[in-house]
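Q: Have a look at this one before I ask anything.
The values are calculated or read from the model by the stated rules, or taken from the named source; none is laboratory data. Source: prediction; values computed, not measured. In this analysis, Cβ positions are derived from the backbone assuming ideal geometry, glycine residues included, and neighbour counts consider all displayed protein chains. In case anyone asks, the SASA skips ligands and DNA or RNA and just uses the protein heavy atoms, side chains included. Shrake-Rupley method; radii C 1.70, N 1.55, O 1.52, S 1.80 Å.
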Amino acid sequence: MYDYIVVGAGSAGCVLASRLAEDPRVTVLLLEAGPSGEPLRSRVPSAYTRLHGSARDWSYRTSPQPGLDGRRVTWSAGRTLGGTGAMNAMIYLRGHPSDYDRWRDAGGTGWGYRDVLPYFLRAQHQERGASLRHAVGGPISVADPRDVHPLSCAFVGAAFEAGLSYTSDFNADAQDGAWFFQVTQRDGVRSNAATAYLRPARRRRNLRVMSGAHVTRVLFDRARATGVQVRIGRTMQDVVARREVIVSAGAIGSPHLLLRSGIGPAEHLREHRIPVVADLPGVGGNLQDHLAVPMAWTTKERSLRANAHSLGNVVRYSGRRQGPLSSNVLEAGAFVRSRAELAAPDLMLLFAPAFALGLSSDEPGGDGFTIAPVLLRPGARGRVTLCSTRAEDPPHIDPHYLITRRDVDTLLAGVAVARQIADAEPLATLRDSGVLLGHDARTREEITDCIRRDARSVGDAVGTCKMGRDSMAVVDPSLRVYGVKALRVIDASVFPSAMGGTAEAPTIMLAERAIDILRADTTFDAVPLPQDDRNSPSVLPMNKGWATAHYLDKGA
Ligand SMILES: Cc1cc2nc3c(=O)[nH]c(=O)nc-3n(C[C@H](O)[C@H](O)[C@H](O)COP(=O)(O)OP(=O)(O)OC[C@H]3O[C@@H](n4cnc5c(N)ncnc54)[C@H](O)[C@@H]3O)c2cc1C
């Protein structure tokens, strides 16, 4: 029996378990489905792409996407200590301040930018030093890249030449402009929630961490969460939580677990003969992800991956933590607005001094570079639903990519900016010919066809257990699940809307802020179901077809 059970040792779960265990009076159990240990491919920055598709990746796939020519898109998600933070690209971005004000205005009271900034600071050790927007002394180390590839410098120069502005800090109030990304690394090694929070906390006797522990459902006594059922190897066990169960299984894992446990749209649960504990239509809904269009050019310059693993480069990395092995691959970037009247950038450009057509997976050889415009705030909302009641079966994931005209138009604007940068000096003289996104595509229709053919996920799924006060909300602003007692969801799934940036730093911030909420909250009353508020901008109409859609897809 433990006071708190945290499900999932990812970016949020590691922070939560470690911080909770700072109080010696409470006992904490952290359960992680993935294997134990920290693989070298996670620690060495450039090697993370080799974890994708491995046993430490859930390797989800979406349903066929009508907006992407019926393609299924691969979604990586970490299945290891550190979760997706153990295999991501280490880019440190908080998003735009207005993202949090939008959360607050959509029912996330207490989650506006002014409220959350102190928690970004608490989590951070900024190697540039302390300033108005940055702090030193926190667990997660944020650093400038140790070695920048000449092609990345050329990208930044070309972006200025193409008219983009200069910014040395994408985490300041205005994001617009181009520069090199800061990365979550300490001394050239990945810094994430597992290494920065969990590793030092593991000596605490009140914290137990179990790997290879797949939570199959949350257990209830009437509407109170009393513990979890967990599969370890071939055995099933029930573990009791005295105070609370905290679900931090990620944007896919968390709604998947809630649905299996009887929390979700009643109609869908009954379809699978799951007893309804709380009828919450929003569980699995509101799914948002960042879609990118990787555009690549061959180049006369040797790219990042050429000789990256040569003896000389291995020695360089082992000795001084420098050279291509210290690179996060997506070294530089830019934020731009597709329309001048927008209040914040709606496009991010990622730059890799190598072929990164899959963005995350290993690429074919040859010298090249990639510019990938990313749609930051998709208009469409998708859904995660059950395919079966077995915990081992992946859920049905339908992000509804590019079903709105506006999303396509935004990416068309992104493609145009990327081409302008590739045509500007000094990149223009270094590049050869485009190899992806048909460089002969010229008309709007031709480029749209290329986008639908080539776009892929950058792995920032959020929103499937959203925080708010409307009828689609799953948790209240204290992250308590509506309609039940002693159960919270704390991870990227509670974001009401996608960020103008990547999602790891906001998830760690969320967990830091949740700790203060947990420490202050000693009442375990059931949270009344949210009122149906159809005037709320975040209420989304239920698509009556979703519950049966996966049957139609089955043979696809
Ligand atoms: C390829 C890729 C690159 C990315 N690059 C960046 C980047 O450069 N910068 C950035 O800020 N963000 C990046 N992200 C996004 C970021 O890493 C995630 O948004 C963030 O880590 C999510 O944190 P989380 O705690 O919500 O979930 P996760 O970190 O995914 O943690 C969930 C954990 O729960 C475990 N789990 C799931 N189900 C169960 C169960 N039933 N029982 C037990 N355990 C379970 C999982 O194994 C996992 O360890 C990237 C994502 C991907 C996929």
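Q: Kindly indicate whether residue 160 is within 16 Å of the ligand (Cβ to nearest atom), modelled with pLDDT of 95 or more and not in a strand (DSSP E or B).
A: no
Q: Within region 201-225, how many residues turn out to be under 15 Å from residue 16 (Cβ atoms), open to solvent by 10 Å² or more (accessible area, probe 1.4 Å) and either outside any strand (DSSP E or B) or of a type in the set (Phe, Trp, Tyr) (or both)?
A: The number of residues fulfilling the criteria is 3.
Q: Take the residues in region 81-139 that are outside any loop (DSSP other than H, G, I, E, B) and basic (Lys, Arg), then tell me which one is surrounded by the fewest Cβ atoms within 10 Å (Cβ to Cβ).
A: Among residues in region 81-139 that are outside any loop (DSSP other than H, G, I, E, B) and basic (Lys, Arg), the one surrounded by the fewest Cβ atoms within 10 Å (Cβ to Cβ) is 114.
Q: Within region 482-517, which residues are farther than 30 Å from residue 89 by Cβ and within 16 Å of the ligand (Cβ to nearest atom)?
A: Within region 482-517, just 487 meets the criteria.
Q: In region 455-500, how many residues are assigned to a loop (DSSP other than H, G, I, E, B) and of a type in the set (A, V, I, L, M, F, W, C)?
A: 14
Q: What residue, of 321, 337, is under 30 Å from residue 415 (Cα atoms) and more than 15 Å from the ligand (Cβ to nearest atom)?
A: 337
Q: Scan 75, 58 and give me the residue that is open to solvent by 30 Å² or more (accessible area, probe 1.4 Å), among the aromatic types (Phe, Trp, Tyr) and either within 14 Å of the ligand (Cβ to nearest atom) or within 22 Å of residue 458 (Cβ to Cβ) (or both).
A: Just one listed residue meets the conditions, 58.
Q: Turning to a different aspect of this structure: Does any residue in region 167-192 that is open to solvent by less than 30 Å² (accessible area, probe 1.4 Å) come within less than 6 Å, Cβ to Cβ, of a residue that is aromatic (Phe, Trp, Tyr) and more than 16 Å from the ligand (Cβ to nearest atom) six or more places away or on a different chain, and which pairs are these?
A: 177/166
Q: Among all residue pairs at least 6 apart or on different chains, which show Cβ distances below 8 Å where the first residue, located in region 395-424, is closer than 21 Å to residue 459 by Cα and the second is part of a strand (DSSP E or B) and open to solvent by 30 Å² or more (accessible area, probe 1.4 Å)?
A: Between residues of region 395-424 that are closer than 21 Å to residue 459 by Cα and residues that are part of a strand (DSSP E or B) and open to solvent by 30 Å² or more (accessible area, probe 1.4 Å), the close pairs are 397/61.
Per-residue answers, yes or no, for (1) closer than 24 Å to residue 336 by Cα; (2) without any contact (Cβ under 8 Å) to a residue 60 or more places away in the chain; (3) small (Gly, Ala, Ser):
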site	(1), (2), (3)
69	no, no, no
73	no, no, no
89	yes, no, yes
113	yes, yes, no
117	yes, yes, no
129	no, yes, yes
151	yes, no, no
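Q: So, one more: Yes or no: residue 529 surrounded by 15 or more Cβ atoms within 10 Å (Cβ to Cβ), modelled with pLDDT under 95 and not small (Gly, Ala, Ser)?
A: So residue 529 does not fit the description; no.
Q: Do you know which residues across region 425-447 are surrounded by 18 or more Cβ atoms within 10 Å (Cβ to Cβ), in contact (Cβ under 8 Å) with a residue 40 or more places away in the chain and in a helix (DSSP H, G or I)?
A: Those that are surrounded by 18 or more Cβ atoms within 10 Å (Cβ to Cβ), in contact (Cβ under 8 Å) with a residue 40 or more places away in the chain and in a helix (DSSP H, G or I): 427, 430.
Q: Restricting to region 226-246, give me the number of residues that are surrounded by fewer than 12 Cβ atoms within 10 Å (Cβ to Cβ) and either of a type in the set (Ser, Thr, Tyr) or within 26 Å of the chain's Cα centre (by Cα) (or both).
A: Number of matching residues: 1.
Q: Hey, another quick one. Quick one: would you say residue 152 is within 16 Å of the ligand (Cβ to nearest atom) and in a strand (DSSP E or B)?
A: No.
Q: Consider residue 456 against the criteria (1) of a type in the set (D, E, K, R); (2) within 14 Å of the ligand (Cβ to nearest atom); (3) more than 28 Å from residue 150 (Cβ to Cβ); (4) open to solvent by 20 Å² or more (accessible area, probe 1.4 Å): it satisfies all of them except one. Which criterion is unmet?
A: Of everything listed in (1) of a type in the set (D, E, K, R); (2) within 14 Å of the ligand (Cβ to nearest atom); (3) more than 28 Å from residue 150 (Cβ to Cβ); (4) open to solvent by 20 Å² or more (accessible area, probe 1.4 Å), residue 456 misses just condition (3).
Q: Within region 41-55, which residues are more than 10 Å from the ligand (Cβ to nearest atom), of a type outside the set (Val, Ile, Thr) and touching a helix residue (DSSP H, G or I) at 6+ places or on another chain (Cβ under 7 Å)?
A: 41, 42, 45, 46, 47, 50
Q: When region 61-79 is examined, which residues are found to be more than 15 Å from the chain's Cα centre (by Cα) and on the phi < 0 side of the Ramachandran plot?
A: 61, 62, 63, 64, 65, 66, 67, 68, 71, 72, 73
Q: Filter region 374-424 for residues that are among the hydrophobic types (A, V, I, L, M, F, W, C), in contact with a strand residue (DSSP E or B) (Cβ under 8 Å, 6 or more places away or on another chain) and part of a helix (DSSP H, G or I) and give the result.
A: 411, 413, 415, 417, 418, 421, 422
Q: Step by step: first the residues of region 246-267, then only those that are of a type in the set (A, V, I, L, M, F, W, C) and closer than 19 Å to residue 507 by Cβ, then the one that is nearest to the ligand (Cβ to nearest atom). Which residue is that?
A: Across region 246-267, the extreme among qualifying residues is 249.
Q: Somewhere in region 461-478, is a residue within 16 Å of the ligand (Cβ to nearest atom), aliphatic (A, V, I, L, M), more than 28 Å from residue 66 (Cβ to Cβ) and buried (at least 17 other Cβ atoms within 10 Å of the Cβ)?
A: Yes.
Q: Quick one: how many residues across region 483-495 are touching a Gly at 6+ places or on another chain (Cβ under 9 Å) and open to solvent by 10 Å² or more (accessible area, probe 1.4 Å)?
A: Qualifying residue count for the region: 1.
Q: Using the structure shown, decide if residue 545 is modelled with pLDDT under 95 and over 17 Å from residue 284 (Cα atoms).
A: Against the criterion (modelled with pLDDT under 95 and over 17 Å from residue 284 (Cα atoms)), residue 545 does not qualify.
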